[in-house]
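Data block below; observations after.
The values are calculated or read from the model by the stated rules, or taken from the named source; none is laboratory data. Being a predicted model, the structure only gives us computed values, none of them experimental. Cβ: placed from backbone, ideal geometry, glycine included. Neighbour counts: every protein chain shown.
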Amino acid sequence: MAASVLIVGGTHGNECNGPWLVQHWGHEPSQLQRRGLSVRTAIGNPEALQANRRYIDNDLNRSFIPELLDDPSTPCLEGQRAQHLLASHGPEGITPATVLIDLHSTTSAMGSCLVLYDRRPAALALAAGCQERLGLPIYLHESDRAQTGFMAQAWPCGLALEVGPVPQGVLSPRICRQSELGLAALLDVLEQAAAGRLMLRRALKIHRHLGSLDFPRHSDGEPSACLHPQRLLGDWKLLAAGEPLFLQPDGTAIPFAGDPSGPVHTVFSHEAAYQEKGIATSLTRQEHWPIDPSWVAALQALLQA
């Protein structure tokens, strides 16, 4: 029996590149075919996509929480949508999927990357295999009590493929192509794992989430400074104490105070959607993890079950 993989685009309605690809693959499904895999697609939030809004009532990628999933009468559209996706394609759904790949785009200058939300072995194996093929950075967004309920965590193995930069609501051939390349590598890894042939040879390079920084603000809550232009040149770079972090309207730079726990790198700098969350940039620690054989074993067992 083929292992089932679900590809979701349009989890956020103003990220139009993923859902455009999903619609394209509906006409050309052969592009997703891999031996030993049954690949399906879904639009995450059709109503928000139609409205060109990130969400209608609540961020769908923060809606996979018990308060919404366990309430059959919830008025929250994204809560209803989360329930529908799980009822249709969740582990116990009508057409259950084992692996979820969530396609996203960002306004941040991050290039292509993978986002993990926990340390489940199967997802670590999938991410490590993709990193070996394409060299993509991996952001481990864990231990963040301010942000929970991510879609990928509701499936036995799940992660997000994030590509940028691109403005919200803009269809970009470059972003689409990068998304296709990233997805192709992920499917290749899954195909090898389903056949019992996946081998990981390199240590996994992880950017582990430490926390997020808000903009400096006036007493009325409005930002008093923006991110410094140097912070907008690209993420995944070391941010040292004393380097310019914010820029005030009069041209005064506000330096980074440093992190006493050690060196930090930035991710999701100036993501437009995060302004409402009070996030100017997030800080990570770069780590190298030796490959654990249990990762591959977990992914292969999941796909071969």
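Summary table
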| read-out | value |
| --- | --- |
| Matching residues in region 70-92 - criterion: being within 21 Å of the chain's Cα centre (by Cα) and hydrophobic (A, V, I, L, M, F, W, C) | 82, 85, 86 |
| Residue within region 28-40 that is in contact with a Phe, Trp or Tyr (Cβ under 9 Å, 6 or more places away or on another chain), in a loop (DSSP other than H, G, I, E, B), in the same structural domain as residue 300 (by TED's automatic domain parsing) and not charged (D, E, K, R) present | no |
| Selection count, region 148-181, where residues are of a type outside the set (D, E, K, R) and either crowded, with 23+ Cβ neighbours inside 10 Å or touching an Asp or Glu at 6+ places or on another chain (Cβ under 9 Å) (or both) | 18 |
| Residue within region 191-213 that is touching a residue at least 12 places away in the same chain (Cβ under 8 Å), surrounded by 18 or more Cβ atoms within 10 Å (Cβ to Cβ), of a type in the set (A, V, I, L, M) and assigned to a helix (DSSP H, G or I) present | yes |
| Any hit, region 50-64, residues being assigned to a helix (DSSP H, G or I), buried (at least 20 other Cβ atoms within 10 Å of the Cβ), in contact with a helix residue (DSSP H, G or I) (Cβ under 7 Å, 6 or more places away or on another chain) and free of Cβ contacts under 8 Å to residues at least 40 places away in the same chain | no |
| Yes/no for residue 78 being among the charged types (D, E, K, R) and within 18 Å of residue 274 (Cβ to Cβ) | yes |
| Elements of type strands (runs of 3 or more DSSP E) contained in region 82-189, each with 3 or more residues being within 23 Å of residue 63 (Cβ to Cβ) and modelled with pLDDT of 95 or more | 99-105, 112-116, 157-163 |
